[in-house]
């Protein structure tokens, strides 16, 4: 499986993630957004979101503050979870591996031998489903104590860079407008992503080839008509 070429901004996001199992710091994310080399990408994020996370027509500084807030506010129920760490970095803990839906983190995890895909071993994981750009597969990863564990399945969109995820998940956050889950129709793609908002913050966002609504309703689109 070929991985996409990571951008400078992707690598910046990975630096915010830090080592396997560590908690990303919101100050590091804010520094990333202020970094001179990333201003073009940050401006694209700002424009793609119509200059608004919460406050309409926000200036760039307020926009960056609010973006940081919704990605770094604790939205966990059983344990502390922030959307940024959950989605971009992955959270290995005693309960398993939470999140990790950013292709860049897979590239890094494979390079550093933190984790790897399970392709041919059906006894470990029989949930392999690939419909490009979405990969759904099992993976082995290092648990907190250094033991090898399995997550079955996990998934990411092969073609989404860090700024794409920041934009799409924040759009879903805005469209939903309240706590809950919804299905977000990806731009220029034929799949949906599951989005969850809790405590007025982002909890998770991941591609799903067979998405279902949480309750009996058939329409749980983030942008309900």
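The values are calculated or read from the model by the stated rules, or taken from the named source; none is laboratory data. These numbers were taken from a predicted model, which means no experiment stands behind them. Cβ coordinates were reconstructed from backbone atoms using ideal geometry, including for glycine residues, and neighbour counts include every protein chain displayed.
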The condition from (1) more than 16 Å from the chain's Cα centre (by Cα); (2) within 25 Å of residue 41 (Cβ to Cβ) that residue 166 misses is numbered (1)
Taking the condition out of contact with any strand residue (DSSP E or B) (no Cβ under 6 Å at 6 or more places or on another chain), crowded, with 18+ Cβ neighbours inside 10 Å and modelled with pLDDT under 95, does residue 81 pass?
yes
Here is a list: 195, 205. Which entry is surrounded by 14 or more Cβ atoms within 10 Å (Cβ to Cβ), under 18 Å from the mean Cα position of the chain (by Cα) and closer than 18 Å to residue 54 by Cα?
195
Considering only residues that are modelled with pLDDT of 95 or more, part of a loop (DSSP other than H, G, I, E, B) and farther than 22 Å from residue 187 by Cβ, look in segment 23-52 and name the one that is farthest from the chain's Cα centre (by Cα).
35
Would you confirm whether any residue within segment 182-192 is assigned to a strand (DSSP E or B), surrounded by fewer than 19 Cβ atoms within 10 Å (Cβ to Cβ) and touching a residue at least 40 places away in the same chain (Cβ under 8 Å)?
no
Considering only strands (runs of 3 or more DSSP E) fully contained in segment 86-179, which possess at least 3 residues that are free of Cβ contacts under 8 Å to residues at least 60 places away in the same chain, surrounded by 19 or more Cβ atoms within 10 Å (Cβ to Cβ) and touching a strand residue (DSSP E or B) at 6+ places or on another chain (Cβ under 8 Å)?
134-142, 148-157
